[in-house]
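**Q** After the structure tokens below, expect a handful of questions from me.
The values are calculated or read from the model by the stated rules, or taken from the named source; none is laboratory data. As the structure is a prediction and not an experimental result, all values here were calculated from the model. Glycine also receives a Cβ, built like all others from the backbone with ideal geometry; neighbour counts cover every protein chain displayed. For the accessible areas, the whole protein counts, side chains as well, though only heavy atoms, and no ligand, DNA or RNA atoms are used. Shrake-Rupley method; radii C 1.70, N 1.55, O 1.52, S 1.80 Å.
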Amino acid sequence: MSDATDGQAPPLPHAHAVTWGVAALPHRGPKRELSTERIVEAAIEIADADGLDAVSMGRVAAAVGFTPMSLYRYVTGKDDLLLLMYDAASEIAMPSTGEGWRERLRDWAVFVRASYDAHPWLADLPPSSTPTTPNRLAVVEAGFVALEEVDAPDRMKLATLLLLLGYIGLYARASSDAGVDDAVRAALPELVTDERFPSLAPAVRAGLFEEPVAEPESGFRFGLSRLLDGIERWIERAGADGDDIGRLPASIVADKQVREAAKLVDEARAKLRQAEAKAAEAVARASERLEAVEAKDRAADAKAAAKAEAKADQRAKAEAKEQAKADAKAERARRKEPSSR
């Protein structure tokens with residue numbers, strides 16, 4: 001018989017019980033300043049400074065001024081400690097003030113990413129498809145709030161949030177240059193040759209990798225926007241890429257008229273994509289023509305301005321010449337005048 005048959009939840013592993021506030025507290029000795037919270041805070045400080053690999057029970061014990069054995073009264077081991085760190089670092093205040101689901105979901109992703117900026121080691125602990133601690137569940141809860149107006153199954157909303165959480169974690173790792181040796185970076189223009197990397201080599205020689213990832217914030221927002229574009233497109237199509245058909249009874253899915261109608265819908269979508277591609281091409285051509293006209297106008301304006309400037313210079317030179325002649329004539333006349341003495 002299950003432990004939960006009496007209406008009570010089954011016993012939780014120790015670290016999970018701590019996060020949910022249902023763990024039995026250890027009997028404390030004379031020194032009452034040691035606590036689970038203090039241990040977790042010290043471990044997070046070590047990870048923030050030196051990475052997750054630097055976290056050990058011995059180093060954490062030294063940081064809090066106790067022996068390693070003292071820690072085991074509060075955490076059962078490093079795995080417990082990592083879970084507690086993960087949950088503590090995931091405590092994020094995420095106001096939902098956007099006017100639409102896309103704006104709210106973007107804000108949600110930006111707030112989640114802020115925790116990865118503050119604690120880069122979070123990217124080394126990939127999110128689980130089933131969050132089990134309060135703060136990780138609060139992250140998913142905030143995501144559901146952002147998507148509450150979207151008419152989609154909860155499982156698809158969860159899949160959307162997991163997609164974005166995966167992107168946030170992977171981007172945090174991909175945009176980190178912590179392990180890149182400066183000497184290797186400097187050698188890349190010589191190592192990345194045209195023969196081996198014909199497309200990449202010119203960009204590397206132009207300085208593509210001379211500095212760590214340039215403007216990681218703009219890069220993150222670009223990728224996030226493209227993901228939201230795809231999600232928005234899926235929502236507009238009412239999830240019509242086969243995700244929901246499995247929920248229909250087999251007899252309906254197999255119905256001939258249903259399949260024929262689905263085929264017509266697919267054909268209509270294909271024609272719509274073709275029309276959109278043609279429209280985009282027409283816009284591009286019109287933009288090119290407009291740009292050519294504007295460039296011609298700018299060239300004509302520049303030519304007219306240059307011509308006017310040249311004429312102004314000529315007039316100025318002529319006036320200066322006439323003035324010089326007048327000044328010379330006046331000087332000669334002055335010299336011919338009889339002296340007043």
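**Q** Going by the structure shown, is A63 open to solvent by 20 Å² or more (accessible area, probe 1.4 Å), among the aliphatic types (A, V, I, L, M) and within 30 Å of V150 (Cβ to Cβ)?
**A** On the way: open to solvent by 20 Å² or more (accessible area, probe 1.4 Å): yes; among the aliphatic types (A, V, I, L, M): yes; within 30 Å of V150 (Cβ to Cβ): no.
No; evaluated as a whole, the condition is false for this residue.
**Q** Identify, please: which residue in the stretch 144-161 is β-branched (V, I, T) and assigned to a helix (DSSP H, G or I) and is, among those, surrounded by the most Cβ atoms within 10 Å (Cβ to Cβ)? Lay out the reasoning, then the answer.
**A** Kept after step one, since they are β-branched (V, I, T), are these residues of the stretch 144-161: 145, 150, 160.
Adding the requirement that they be assigned to a helix (DSSP H, G or I) leaves 145, 160.
Values: V145: 15, T160: 23.
Checking each candidate, the answer is T160.
**Q** Also, quick follow-up: Among the residues of the stretch 179-194, which ones are assigned to a helix (DSSP H, G or I) and in contact (Cβ under 8 Å) with a residue 24 or more places away in the chain? Steps first, answer last, please.
**A** The initial filter retains those residues of the stretch 179-194 that are assigned to a helix (DSSP H, G or I), namely 182-191.
Hit for the stretch 179-194 is R185, nothing else.
Results for (1) touching a Pro at 6+ places or on another chain (Cβ under 7 Å); (2) of a type in the set (G, A, S); (3) within 23 Å of W234 (Cα to Cα), shown as yes or no for each residue.
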| residue | (1), (2), (3) |
| --- | --- |
| M69 | no, no, no |
| Y74 | yes, no, no |
| A114 | no, yes, no |
| P131 | no, no, no |
| E141 | no, no, yes |
| V150 | no, no, yes |
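**Q** I'm told T130 meets every condition in (1) surrounded by fewer than 19 Cβ atoms within 10 Å (Cβ to Cβ); (2) assigned to a helix (DSSP H, G or I); (3) more than 14 Å from the chain's Cα centre (by Cα) except one. Can you identify the failing condition by its number?
**A** Result: T130 fails condition (2) only.
**Q** Does T76 qualify as being of a type in the set (S, T, Y) and surrounded by 15 or more Cβ atoms within 10 Å (Cβ to Cβ)? Give the steps one after another, and end with the answer.
**A** Numbers: of a type in the set (S, T, Y): yes; surrounded by 15 or more Cβ atoms within 10 Å (Cβ to Cβ): no.
So T76 does not fit the description; no.
**Q** Look through R273, R259, R269, R289 and report the one residue that is in a helix (DSSP H, G or I) and at pLDDT 80 or above. Please lay out each step first, then the result.
**A** Numbers: R273 fails: at pLDDT 80 or above; R259 fails: at pLDDT 80 or above; R269 fails: at pLDDT 80 or above.
Residue meeting the stated conditions: R289.
**Q** Also, I was wondering about something else. When only residues in the stretch 162-177 that are assigned to a helix (DSSP H, G or I) and small (G, A, S) count, which is modelled with the lowest pLDDT?
**A** We begin by selecting, within the stretch 162-177, every residue assigned to a helix (DSSP H, G or I); these are 162-174.
Filter once more, keeping what is small (G, A, S): 166, 169, 172, 174.
On the way: G166: 90, G169: 89, A172: 85, A174: 80.
Per the criteria, the residue is A174.
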